[in-house]
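Undergrad: Quick one: the structure is below, and I'll ask about it shortly.
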Amino acid sequence: MISAGEASGELYGALLSREIKKIWPDADIMGIGGSRMKKEGVRLIASTSSAIGITEVIMHL
């Protein structure tokens, strides 16, 4: 299970999932994340697509 609560965590989760799938193509990876992780084959049990991090908040000040 991979859990990512913000953008950089999701990026690393997606990259990790991609590498795991190269070694074990049939791996069933579950996680909490967004579209990047889903694109890499993670079966999302919760989505963080509506969550924002501090960077996004600061950009809108």
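The values are calculated or read from the model by the stated rules, or taken from the named source; none is laboratory data. As the structure is a computational prediction, the values presented were derived from the model and not from experiment. Don't worry about glycine lacking a Cβ; one is built from the backbone with ideal geometry, like all the others, and counts go over all protein chains shown.
Undergrad: Are there any pairs, at least 6 apart or on different chains, whose C-beta atoms fall under 7 Å, with the first in segment 39-56 and under 24 Å from Arg18 (Cα atoms) and the second loosely packed, with under 11 Cβ neighbours inside 10 Å and modelled with pLDDT of 90 or more, and if so, which?
TA: Arg43/Asp28
Undergrad: For segment 1-27, which residues satisfy the criterion of being surrounded by 16 or more Cβ atoms within 10 Å (Cβ to Cβ) and β-branched (Val, Ile, Thr)?
TA: Ile2, Ile20
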